[in-house]
Amino acid sequence: MRTQVAIVGAGPAGLMLAHLLWLGGIDSVVLELRGREHVERRVRAGVLEHPTVELLREAGVADRLDREGMPHHGISLRFDGADHRVALTELTGKTITVYGQQEVVKDLIAARVAAGEPLHFEVSGVTVDPATPLITFTDAEGAEQRLECDFIAGCDGSHGVCAPRVDATVHKHEYPFAWLGVLAMAPPSHSELIYAYHERGFALHSMRTPEITRLYLQVAPDQRVEDWSDARIWDELGHRLSADGFTLATGPILEKGITTMRSVVTEPMRQDKLFLAGDAAHIVPPTGAKGMNLAIADVWVLAEALGAYFREGRRDLLDAYSDTCLRRVWRAEHFSWWMTSMLHQAPDADAFARKLQLAQLRYVTTSEPAATSLAENYVGLPLQL
Ligand code: FAD
Ligand code: DHB
């Protein structure tokens, strides 16, 4: 087998890259470890930044997003038992859209299938040689395959095989908490997202549809899902999200899972002909909803660079790829770390630390310049900084 760009991983990064390359007339082959049903069902992120939505529209894959996505014009920071709204659209002129990551994945898979372009699910034993470049793998039927290519895109997430092939400095930071995420058959209790600061720990109220809510609780990193009965989850959410005049709608819990929180940045995001994108190159803690949006921004930069190479023989954009992405990645790392630090209860936090958090929360909700800074990061900075 031969192609121009071999793409490892069919998450948002790999699928969006494949689509952008196809629009630019560049051939690619996508290889995915899991089955189609599995990747289409994986519940993860849910907030699309303004530039992500614009890009999906420009790429012609936003019809369902425009019908079913929920545009939001503000978020609430809830502390001292009351809501303090950050008016995203008034402050920046931009919106965010609530639309599940797996819906983006479904739309991109549908586009790939409609284009009749190669997308191999259930491959195994993927090996990556960045210098030649060459990929070997076993296909779903058990046949050994060799995939020759001009470039490899490592879009295989944080546990993939591509990142370990890059000779890089890996910057890491662990956070002393995790998130218990819940998907519930209950209507949203509020029209916007609520980021709640509470002495018992952080809580987040989000949503997927007018019938389904997505809720998160800060928990200790050693907690297991089995420690959290449905009744305990609703009870804890009730405490942390309590506010005057607010009633939390409850209902059957459809799914629950625990995600640990860490920051990781791989520098550079390239080795020879192998380019890393998305979670394969960097991880952010989820507070601020940047993970999937960063993945989409990376592959836009990569698609532009590969386009310039294949159309005009230019290598400059490919050579600048890692630096270009890392400017935006580090900005998002800072924002995610900052939101996380402001909103969570650290195990060793004393009264002084809590007073500082509250002072910061009051500042970002009462000073227009401070609120604008939060808002411009939250709605998404330009794809290229
Ligand atoms: P992924 O979506 O991880 O896609 C990588 C793909 O590569 C996967 O389909 C995987 O199966 C495949 N793969 C792996 N290894 C191989 C291999 N060897 N060969 C072939 N294919 C391979 N972000 C938020 O903003 N908010 C959230 O609430 C949130 N929740 C999350 C919950 C969890 C459990 C996780 C893991 C992440 C969460 N994130 C969240 C982060 C966000 O989902 C990611 O940033 C986003 O998925 C990155 O997209 P990606 O395409 O880079 O990687
Ligand atoms: C969601 C996830 C986030 O990490 C966040 O900051 C906001 C919303 C969500 O899954 O809806």
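Rule-based calculations on the coordinates, nothing more; no lab input. The model shown is predicted, which means the values in this text are computed figures rather than measured ones. All Cβ positions, glycine included, derive from the backbone under ideal geometry; neighbour counts span all protein chains shown.
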Residue 96's amide H: which non-local residues (gap 5+, or another chain) put their own amide H closer than 5 Å, with H modeled 1.01 Å from N in plane and none for Pro or chain starts? 72
Where trypsin sites (Lys or Arg not before Pro) fall in DSSP loop in the stretch 125-213, at most 16 other Cβ within 10 Å: 200
Dipole of the chain, positive end: most advanced residue of 46, 166, 155 [Cβ charges, Cα centre]: 46
Over 10 Å intervals from 0, what percent of Cα-Cα pairs in the stretch 13-84 sits in each interval? 14, 35, 32, 12, 6, 1
Gain on full stretching of the segment that runs from residue 373 to residue 41 - 0.36 nm per residue minus C-alpha separation: 116.1 nm
Placing each pseudo-label 7 Å from Cα in the direction of the beta carbon, residue 272 and residue 67 end up separated by a distance in nanometres of 4.6 nm
So, with +1 on the Cβ of K and R and -1 on the Cβ of D and E, and no other charges, what is the size of the charge dipole of the stretch 228-298 about its Cα centre, to the nearest 20 debye? 160 debye
For residue 242, project a label point 7 Å along Cα to C-beta. Then give me every residue of the stretch 172-204 with its amide nitrogen under 17 Å of that point. 196-204
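State the extension gain, in nm to one decimal, for the chain segment bounded by residue 212 and residue 224, taking 0.36 nm per residue of separation less the distance between their alpha-carbons.
Values: separation 12, 0.36 × 12 = 4.32 nm, distance 2.35 nm.
Between residue 212 and residue 224, full extension yields an extra 2.0 nm.
Can you tell me the convex hull volume per residue for the stretch 120-222, based on C-alpha atoms, in Å³ to the nearest whole number?
Details: hull volume 20.7 nm³, N = 103.
Value for the stretch 120-222: 201 Å³ per residue.
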Report, ordered by chain and residue number, the aspartates and glutamates lying within cross-link reach of residue 94, taken as a straight Cα distance under 19 Å and ignoring same-chain residues fewer than 8 apart. 49, 54, 58, 66, 68, 192, 368, 376
Give a quick list of trypsin sites (Lys or Arg not before Pro) in the stretch 307-385 that DSSP marks as loop, anything other than H, G, I, E or B, with at most 12 other Cβ atoms within 10 Å. 315
For the stretch 84-100, in order, what is each residue's ³J(HN,Hα) by Karplus, 6.51 cos²θ - 1.76 cosθ + 1.60 with θ = phi - 60°, in whole Hz (x at glycine and Pro)? 10, 7, 9, 7, 3, 6, 4, 7, 10, x, 10, 10, 10, 10, 8, 7, x
Restricting to lysines and to Cα separations under 28 Å from residue 273, and discarding same-chain partners fewer than 8 apart, the set is 172, 290
Write down, largest first, the equivalent ellipsoid semi-axes of the stretch 172-261 in whole Å, where each equals the square root of 5 times an eigenvalue of the alpha-carbon gyration tensor. 21, 15, 12
Hz values of 3J(HN,Hα) by residue in the stretch 147-154 - Karplus curve (6.51, -1.76, 1.60), Gly and Pro given as x: 10, 8, 7, 8, 9, 10, 9, x
Test item: Cα-centred dipole of the chain, Lys/Arg +1 and Asp/Glu -1 on Cβ, debye: 440 debye
All alpha-carbon distances of the chain, grouped into 10 Å bins from 0, give the whole-percent distribution 5, 23, 32, 24, 12, 3, 0
Dividing the mean separation of Cα pairs under 8 Å (6+ apart) by the residue count of the chain yields a relative contact order in percent of 21 percent
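Return the ratio Rg/(2.2 N^0.38 Å) for the stretch 44-134, where Rg is computed over Cα atoms only.
Values: Rg = 18.7 Å, N = 91, 2.2 N^0.38 = 12.2 Å.
Cα-based Rg divided by the globular estimate yields 1.53.
For the stretch 225-360, which semi-axes, largest first and in whole Å, follow from the square roots of 5 times the eigenvalues of its Cα gyration tensor? Provide the component values of the computation, followed by the final result.
Values: eigenvalues 319, 71, 35 Å².
Output for the stretch 225-360: semi-axes of 40, 19, 13 Å.
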Neighbourhood charge, 15 Å Cβ-Cβ cut-off, centred on residue 227 and excluding it, Lys, Arg +1 and Asp, Glu -1: -2
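Tell me, in nm to one decimal, what length is gained between residue 346 and residue 34 on full extension, where the rule is 0.36 nm per residue of separation less the Cα-Cα distance? Intermediate results must be reported in sequence, preceding the final value.
On the way: separation 312, 0.36 × 312 = 112.32 nm, distance 3.58 nm.
Residue separation times 0.36 nm, minus the Cα-Cα distance, leaves 108.7 nm.
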If you project the alpha carbons of the stretch 198-239 onto the principal axes, what extent comes out on each, in Å, largest first? 32, 23, 17
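Restrict the search to the stretch 75-144; then list the GluC sites (Glu not before Pro) that DSSP places in a loop and that have at most 13 other Cβ atoms within 10 Å of their Cβ. Write down the numbers at each step before the final one.
Numbers: sites: 90, 103, 122, 141, 144; in loops: 122, 141.
Answer by residue number: 141.
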